[in-house]
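Novice: Below you will find the structure I want to go over with you.
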Amino acid sequence: MIKKDKIEFLNDRKVGIVGCGHLGQSIALSLIKNGLKRETLFLSSRGNPKTQSRLQALGLAQNLKTNQEIFQNAGIILITIRPQDLPELKKTMVPGKGLIVSCMAGVPISLINTALNAPVCRMMFSGPDTIEQESGVASMFPEHEDLKLLLRCMNLTHIRSKSENDLDVFTAGVCMPAAILKAGHRDEAQKAIYEIADEYPLFSELYQWAVSVLPHFQTQKEQNQYIEKMVTKGGVTEAIINSLCSGASFDAALRAGVSRTKQISKEIQRSILSGLQD
Ligand SMILES: NC(=O)c1ccc[n+]([C@@H]2O[C@H](COP(=O)([O-])OP(=O)(O)OC[C@H]3O[C@@H](n4cnc5c(N)ncnc54)[C@H](OP(=O)(O)O)[C@@H]3O)[C@@H](O)[C@H]2O)c1
């Protein structure tokens, strides 16, 4: 299928983005930039005035719909809310025929099925900046042809996941640009990736990607600021960077990242389950 036909396919299907914050906005902008018609893109938020003004400034306010309208009318529905908002989303869920795709990190398919009472796929993306620069990567489970086509339209690279566990490894792997910069010695990082390649084949692929998107900085201060920007308190990048700072090897730091992903995932699951019981 040539690119024009792919976009036409998406225009026919109609794309909904439930929860248009950082990630949702970057996906919306990329789709519009690559030719999706504005009238076939539906967005929602919870009504935070800051989000409304941001969507207005981006020219996306006219795409706002209710969640019910999105679930009923979109053929592909990307859920880009934070995991803790899933119990609230359940209340606005209506039956529809669209493909529901969770982009929430750390929430397994079984739990989303329980919450939304509908079949879902999962898709994970690298950060919003890489989506907007069209240098990003994404992974999905299970694979779906419509989602592969969506990624091709957005000029993102599809990295294969063989299981949901791979999506956790992917989540740690996309922190690698910051980790490589922090580690400093590219040769050692490459050797470490080679050593854990059997256990984590995804890291090899993501290492190539990370090296290709590494920004160049004039000063150490600029580099430190970039790393700081990528670190969220209690997040996966922080676990990897802290591990490197305490003298761990590159592979041990990546393992610490995978462990943190799994820990966060357990915390999220506990909080969603208690939210669903309320
Ligand atoms: N940011 C990343 O780098 C990244 C990368 C990969 C995956 N993710 C995943 O993407 C998800 C979103 O992350 P984010 O950084 O984009 O968060 P965010 O900026 O906080 O955006 C979340 C958005 O969801 C909206 N929302 C919450 N509940 C809603 C509901 N019931 N109906 C409609 N909209 C609702 C919020 O609306 P209001 O603004 O009105 O409150 C907000 O705009 C997370 O699950 C995260 O794991 C993020």
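The values are calculated or read from the model by the stated rules, or taken from the named source; none is laboratory data. As the structure is a computational prediction, the values presented were derived from the model and not from experiment. Reconstructed Cβ throughout: ideal geometry from the backbone, glycine too, with neighbour counts over all protein chains shown.
Novice: So which residues in the range 218-262 are over 19 Å from the mean Cα position of the chain (by Cα) and outside any helix (DSSP H, G or I)?
Specialist: Result: Q218, T219, S246, G247, A248, S249.
Novice: Testing S102 on (1) farther than 22 Å from K266 by Cα; (2) within 12 Å of the chain's Cα centre (by Cα); (3) not charged (D, E, K, R), one condition comes back false. Which one is that?
Specialist: Of everything listed in (1) farther than 22 Å from K266 by Cα; (2) within 12 Å of the chain's Cα centre (by Cα); (3) not charged (D, E, K, R), S102 misses just condition (1).
Here's the yes/no breakdown for (1) under 14 Å from A179 (Cβ atoms); (2) surrounded by fewer than 20 Cβ atoms within 10 Å (Cβ to Cβ); (3) outside the structural domain of R186 (by TED's automatic domain parsing):
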residue	(1), (2), (3)
L214	yes, yes, no
F217	no, yes, no
V236	yes, no, no
I240	yes, no, no
S243	yes, no, no
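Novice: Turning to a different aspect of this structure: Answer yes or no as to whether I81 is assigned to a helix (DSSP H, G or I) and either modelled with pLDDT under 95 or not acidic (D, E) (or both).
Specialist: Answer is no for this residue.
Novice: Something else now. Could you pull out the residue among T40, T51 that is out of contact with any Asp or Glu (no Cβ under 6 Å at 6 or more places or on another chain), away from the ligand (no atom under 11 Å from the Cβ) and more than 18 Å from N155 (Cα to Cα)?
Specialist: Result of the check over T40, T51: T40.
Novice: Is it true that Q269 is farther than 20 Å from S161 by Cα and either touching a Gly at 6+ places or on another chain (Cβ under 7 Å) or not in a helix (DSSP H, G or I) (or both)?
Specialist: Here the answer is no, as Q269 does not meet what is asked.
Novice: In addition: Being in contact (Cβ under 8 Å) with a residue 24 or more places away in the chain, near the ligand (Cβ under 9 Å from one of its atoms) and within 19 Å of L273 (Cα to Cα) is the requirement here; does M104 meet it?
Specialist: Considered against the rule, which asks whether it is in contact (Cβ under 8 Å) with a residue 24 or more places away in the chain, near the ligand (Cβ under 9 Å from one of its atoms) and within 19 Å of L273 (Cα to Cα), M104 comes out as yes.
Novice: Give me the residue from the range 107-147 that is away from the ligand (no atom under 15 Å from the Cβ) and either at pLDDT 95 or above or among the β-branched types (V, I, T) (or both) and, out of that set, surrounded by the fewest Cβ atoms within 10 Å (Cβ to Cβ).
Specialist: My answer is E145.
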